[in-house]
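Q: Mind having a look at this structure? Questions to follow.
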Amino acid sequence: MANSSVIWFDRSPDPALLEFLDGRAEFVWPRSDDPLDGLDTADGVIAGASLTYDQSVFARASKLKVVARAGIGFDNVVLADATSSGITICNTPDGPTVSTAEHALALMLSVSKDLNPSEGRLQRQEGNYGPQHRAVELDGALLALIGLGRIGSRVAKVAIAMGMRVTAYDPFEANDRFKDLGVERAANLHEAVSSAQIVSIHAPLTPETRHLVNADLLIQMQDGVFIVNTARGGLIDDEALLAALNSGKVAGAGLDVTEPEPLPPGHPLLEHQHVVVTPHVASATKEGRKRIFGMALEQVLCALGGTRPSHILNPEVWPGRNSECVDT
């Protein structure tokens, strides 16, 4: 079945990634101003984060059997709509781990080492650079992780190797993970962040976690805290963050994700000297893209071939539209 399948990608792919197909399916993507151009031909979809996959999208894809989200987060996929349509939804939780964790650490180092302001002073040729530099040493500093899943765990390992102490809040992870990593378990979110010099966010975006980092939580943090977010922009209340940056409560922020995304020209976060913003590219290394795309493709081909994929987000739907070819 997979040999005759059509797989739709929601943007033009890197040509180097097409080697993964190896003739196993036809690969299509929008070639007009219509962002859903070609979707009506698709048996499977490899989905990015730019479109919302809801009933209005699924209604245009009568042949669609499976969608693989190219990444961990799936907040742009309405699972209830997919399930009611009999469409299997998968993700690739192992794909972006390494690259995203490294990017989080890069942002952490950038803001804590005062790189943006220091570069600005040099560009302006102000002189007297050492006394104006406001970097902090991370050896012995306390890092608080909001979320200790795949990415948070990797950040913890590197941070500990750098000499940092790490605490984390994650109500869904077992005590053994904390013990194995050498991470202190916080009983609640306020306990996790109250003594930290750096807070790094690695939680999913859900209705319950939207604006998890808000004015109330920021008040609980130490003065001069650094905040890093490589998860989802909606986890932070931007107005509260800006107020905390301007008051000095937050010394700096490193953001790979924002709300909206991308930020428009002139946005205060883009112009703030103590903020480093990157355009949701944490996982977009050469290796990361190849790994994510390959995993997403394997999930789609697996489902189209009638075998249950390994990372189904709505398991109650299986086999759904694959019922005619499911491998029992």
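No value in this document is a laboratory result; all are computed from the given coordinates. None of the values given here were measured: they were computed from a predicted structure. All Cβ positions, even for glycine, are placed from backbone atoms using ideal geometry, and neighbour counts span all protein chains on display.
Q: What angle, in degrees between 0 and 90 and rounded to the nearest 10, separates the Cα long axis of helix 150-161 from the longest principal axis of the Cα atoms of the chain?
A: 30 degrees
Q: Kindly rank 99-112, 231-244, 29-42 from highest to lowest mean number of other beta carbons found within 10 Å of each residue. Don't jump to the answer; show the numbers that get you there.
A: Values: 99-112: 22.4, 231-244: 20.7, 29-42: 14.1.
In descending order of packing, they fall as 99-112, 231-244, 29-42.
Q: Can you run phi through the Karplus equation (6.51, -1.76, 1.60; θ = phi - 60°) for region 280-287 and list ³J(HN,Hα) in whole Hz, with x for Gly and Pro?
A: Running phi through 6.51 cos²θ - 1.76 cosθ + 1.60 with θ = phi - 60° gives 6, 10, 4, 8, 8, 7, 4, 5 Hz.
Q: Please pull out the direction-averaged projected area of region 97-277, using the convex hull of its alpha-carbon atoms, in nm² to one decimal place.
A: Working: hull surface 41.4 nm².
Spelled out: convex hull of the Cα atoms, projected over all directions, averaged, 10.4 nm².
Q: If you line up the Cα atoms of region 252-328 on their principal axes, what length do they span on each, largest first, in Å?
A: 58, 26, 20
Q: So what's region 1-116 giving for Cα Rg divided by 2.2 N^0.38 Å, two decimals?
A: Working: Rg = 16.8 Å, N = 116, 2.2 N^0.38 = 13.4 Å.
That ratio works out to 1.25.
Q: Using the Cα centre of the chain as the reference point, and only Cβ charges (+1 on K/R, -1 on D/E), how large is the resulting charge dipole? Debye, rounded to the nearest 20. Provide the component values of the computation, followed by the final result.
A: Values: 27 positive and 41 negative charges, 114 e Å.
Magnitude of the dipole: close to 540 debye.
Q: State, to one decimal in nm², a quarter of the convex hull surface area for the C-alpha atoms of the chain, i.e. the direction-averaged projected area.
A: Numbers: hull surface 74.8 nm².
So the Cα hull casts an average projection of 18.7 nm².
Q: Using modelled backbone amide H atoms (1.01 Å from N, in-plane), which distant-in-sequence or interchain residues come within less than 5 Å of Ala47's amide H?
A: Ala68, Arg69, Ala70
Q: Whole-Hz Karplus ³J(HN,Hα) for region 222-234, in order, using 6.51 cos²θ - 1.76 cosθ + 1.60 and θ = phi - 60°, x for Gly and Pro?
A: 5, 5, x, 6, 10, 10, 10, 9, 10, 9, 9, x, x
Q: Sequence-distant or interchain residues sharing an amide H contact under 5 Å with Gly252, placed H: which?
A: Ile227
Q: Roughly how tilted is helix 238-247, in degrees to the nearest 10 and between 0 and 90, from the longest Cα axis of the chain?
A: Relative to the chain, helix 238-247 is tipped by roughly 10 degrees.
Q: Oh, and also: Helix 97-112 versus the longest principal axis of the chain: what angle, 0 to 90°, nearest 10, using Cα atoms?
A: The angle comes out near 20 degrees.
Q: Still on this structure: Could you list Val281, Val300 in order of exposure, starting from the residue whose Cβ has the fewest other Cβ atoms within 10 Å?
A: Working: Val281 14, Val300 28.
In order of increasing Cβ crowding within 10 Å: Val281, Val300.
Q: What does the charge add up to near Thr230, with Lys and Arg as +1, Asp and Glu as -1, over the other residues with Cβ less than 11 Å from its Cβ? Kindly include the intermediate steps, with their values, before the conclusion.
A: On the way: positive: Arg232; negative: Glu102, Asp256.
Summing Lys and Arg as +1 and Asp and Glu as -1 gives -1.
Q: Another question, then. Test of understanding: ordering Ser194, Ser323 by Cβ neighbours within 10 Å, fewest first, what list do you get?
A: Values: Ser194 17, Ser323 11.
So the residues, fewest neighbours to most, are Ser323, Ser194.
Q: Helix-only mean residue ellipticity at 222 nm, the chain, DSSP H runs n ≥ 4 weighted -39,500 (n - 2.57), per residue, nearest 500. What is it? It would help to have the intermediate numbers written out before the result.
A: Working: 12 runs with 102 residues, N = 328.
-8500 deg cm²/dmol, from helical runs alone.
Q: Using modelled backbone amide H atoms (1.01 Å from N, in-plane), which distant-in-sequence or interchain residues come within less than 5 Å of Val28's amide H?
A: Correct list: Ile7, Trp8, Phe9.
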